[in-house]
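Every number here is computed from the coordinates shown, using simple stated rules; none is lab data. Keep in mind it's a predicted model, so treat the numbers as computed, not measured. Every residue, glycine as well, gets a Cβ built from its backbone with ideal geometry; the counts of neighbours run over all protein chains shown.
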Amino acid sequence: MRNENDFFIGLTPIFHTIIFEMKKQRKKLYFFTMVSILVAVLLSYILQLFPDYLLADTQAEFFSSGLSFISFITLFAACLFFSGIICSEFNKRTGFIVFPKINKYKLILGKYLGNLFLVIFIVTVYYIVLGLFGFFYYGGPINIRIFYSYVFAVLYVIALSSFVTLFSSFMKNVNITIIITLIILLMGFNIADQIVTLIYADTFEPLYSLAYLGNLITSVLENPFPDPRYVEYSFGGIGPGGMGGHFSFGTWITPSIFMGTTLLLVYIIGCFLLAALLFKRRQL
Amino acid sequence: MTETIIKLENLTKKFGNFTAVNSVNLEVRRGETIGLVGPNGAGKTTVIKMIAKILRPNSGKILIRTNHSDLQDLRNVSSTISQIGFLIDIPNFYNMTAYQLLKYFGKIQRYPKDKLDNRIDELLAFFKLSEWKFERVRNFSKGMTQKLGIIQAILHDPDIIILDEPQTGLDPLARIEIRKYLRELQSLGKTIFIASHMLYEISEICDKIALINYGKIIGFDTVENLALTLKTSELNCLLLEPLDAEKILPLLNRIDERLSPFLDQNLDPKISKIPILYNPEHQGLKLYFNGKNESKGEILKILVNEFESDFTVISFTQPKTSQLERVYSQMVEDSTPEGPIKLKGVDIKNEK
């Protein structure tokens, strides 16, 4: 009984850190909540006001087009919320005040969870707005696949957060962490995916790529789930100057649900544990 | 004798090829106030950071006694968080209000919830920051931030308080307030460890001084005992009435003649050219003597009894600060990166 009490008492600093961190980041929360509402309204409502813009045939297609920006929102939110989670303690020297007061593992866990709740809240707001418009246009019931998509969006944003946290654990400066993680997540993974697909075609699936794993958010909305997941596009005919030929390129559309979920979990746990270990070892 | 509460054993910290702290041995006993004094880059903050577990020593140990148990290796002790309060370097806070910050710090250090608000109010009031309770620290002046740094160090009422340059950025009034508060803490039996450049503050508050240079402890004792290493000590003698200008010179000659066995006749000209000075502003005599305790008594007797018709002595003191200043400069000048020059009478390792 006593051990159980000690255990819970030991957890209270984490709980207090979560609350404190959420208060600390509330300006960012307001900003991103506004952005996510605006984007959702823009994609779901404002665009429909243009006469040339046709409303999707099904609710699932409507959700799919509405979610085209979710990866950007989650990506920017993860970068801005998590880039300073560790390196700012060193860069701004706040660690001198905080480190002697709380175990570093508890501190990082509290900060991580506090920020995580906020980015999940932002994603949730986006889905709620989208869901409401889906209901408004197509009536109920809401397609169950939007909930699957939501689960993957949450998993994806947690994986992104862990990834950025890992960078924050060894980078010196918050701004550089933001720039580098944005470059890697926006361009690095996509470029690597293109190269890998060009070289290996359907023999090597780019499962290492967070950008590729994020495709699950929209592909899970499709019924049936895309199969085959590797698609080849072919082009043929006579080109300018009488040049002709056949050109084809392939692309991986989405990982399988099982593999995608597993790898997102690996990213979440692996990156966070590594970040926590580096944080523990890093000296101020 | 009170028990040892913190013990540093051959503590060493290197940054690449640079040895910031070099085999430091130091014992702090319960209830003592220890001053760690040294020039910039001497290793003061590094020692404190290692006690705070912010830096890991390359070798050596930090032993700590928690809740009257045996001395334990700091690496194996997690309860230090609630037992020690730290102020390290110039404090940098998250940009929240003073209240939000202190509330958070109090909670994570498990200060009783029902008393926390009162404790915060009490400390903010003492340090004259009550009006700033709900202001963000971004709007605080340097001195106010420093005060908040001291508050966060003592908020959870720790047994051991470790302060690194607590007087930095404070105006004279604030320094007095802090000195007063530290004295209160001393009277409550708290163990205090202060690193500072400000010799006056240190000499006023601390029971013992540890002098550090090139990462080594070059002296550790009371100011009085450290002063024994000096060939010359200083005495201040205040007089009831000013001396007659015409009589000063002959009178000083007479005093010099009479006190000659006790005065330092080979005085370092950097300190003074003659061993007796009269300061009309302070209405007092300054005497440089041989530093022996028995000499002080003899000098006082002679001045009171044999010069009764010339002046009346109203105060006879040996200023701690100037002694410490001279001990400090002498020891720092004499020490080398290889180690301190062994100074007579200085108990470097405090092995008593």
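Comparing A:Val231, A:Val39, A:Val123 in a Gaussian network model of chain A, where Cα atoms under 10 Å apart are tied by springs, the biggest mean-square fluctuation is seen for A:Val231. Within a straight-line Cα-Cα reach of under 12 Å, B:Lys115 can be paired with the following aspartates and glutamates, leaving aside sequence neighbours fewer than 8 residues apart in one chain: B:Asp157.
Each DSSP beta bridge with both residues in the protein assembly as shown is either parallel or antiparallel, and the antiparallel ones are about 70%. Mean per-residue shielding of peptide A:8-15 is 2, counting Cβ atoms of other chains within 10 Å of each Cβ. Of all the options B:Leu102, B:Leu239, B:Leu74, the one that moves most in a Gaussian network model of chain B with Cα springs shorter than 10 angstrom is B:Leu239.
Modelled label positions at B:Ser23 and A:Arg26, each set 7 Å beyond Cα in the direction of Cβ, lie 5.6 nm from each other. Two tests apply to each whole DSSP H helix in chain A, Cα reach of 30 Å or more along its axis and mean Kyte-Doolittle hydropathy of at least 0.0, and the ones passing both are A:104-138, A:145-170, A:257-281.
Please work out whether segment B:171-241 counts as rounded, prolate or oblate from its C-alpha gyration tensor, where a ≥ b ≥ c are the square roots of the eigenvalues and a/c under 1.5 means rounded, while otherwise a/b larger than b/c means prolate and anything else oblate? It is oblate, given that a/c is not under 1.5 and a/b is not larger than b/c. Relative to the longest principal axis of the Cα atoms of chain B, the long axis of helix B:98-108 lies at roughly 70 degrees. Sorting the segments A:179-189, B:147-157 by their residues' average number of neighbouring beta-carbon atoms within 10 angstrom, most packed first, yields B:147-157, A:179-189. Taking chain B as a Gaussian network of alpha-carbon nodes connected by springs under 10 Å, the highest mean-square fluctuation of the residues B:Thr66, B:Thr317, B:Thr12 belongs to B:Thr317.
For the set A:Lys24/B:Lys44; B:Lys61/B:Lys133; A:Lys92/B:Lys49; A:Lys111/B:Lys13; A:Lys23/B:Lys128, the pairs lying more than 28 angstrom apart at their alpha carbons are A:Lys24/B:Lys44; B:Lys61/B:Lys133; A:Lys111/B:Lys13. Counting Cβ atoms of other protein chains within 10 Å of each residue's Cβ and taking the mean over peptide A:98-110 gives 5. Only lysines eight or more places from B:Lys296 in sequence, or on another chain, were considered; those with a Cα closer than 19 Å are B:Lys231, B:Lys286, B:Lys320. By definition, a body whose alpha carbon gyration tensor gives a ≥ b ≥ c is prolate when a/c is 1.5 or more and a/b is larger than b/c, and segment A:2-283 fits this prolate description.
Residue by residue along A:246-259, Cβ atoms of other protein chains within 10 Å of the local Cβ number 0 on average. Placing pseudo-labels 7 Å out from each Cα toward the beta carbon at B:Asp256 and B:Thr312 gives an inter-label distance of 2.9 nm. Helix B:142-154 against the longest principal axis of chain B: what's the angle in degrees, Cα atoms only, rounded to the nearest 10? Compared with the principal axis, the helix lies near 70 degrees.
State the answer as a single residue: which of B:Leu71, B:Thr4, B:Val28 lies farthest towards the positive end of the charge dipole of the protein assembly as shown, with beta carbon charges of +1 for Lys and Arg and -1 for Asp and Glu, about the Cα centre. Of the listed residues, the answer is B:Leu71. Along the axis of the charge dipole computed for segment B:188-293 (Cβ charges of +1 for Lys and Arg, -1 for Asp and Glu, origin at the Cα centre), the listed residues B:Leu226, B:Leu287, B:Cys206 are led at the positive end by B:Leu226. Placing pseudo-labels 7 Å out from each Cα toward the beta carbon at B:Ile248 and B:Glu122 gives an inter-label distance of 5.2 nm. The angle separating the long axis of helix B:320-334 from the principal Cα axis of greatest extent in chain B is about 80 degrees.
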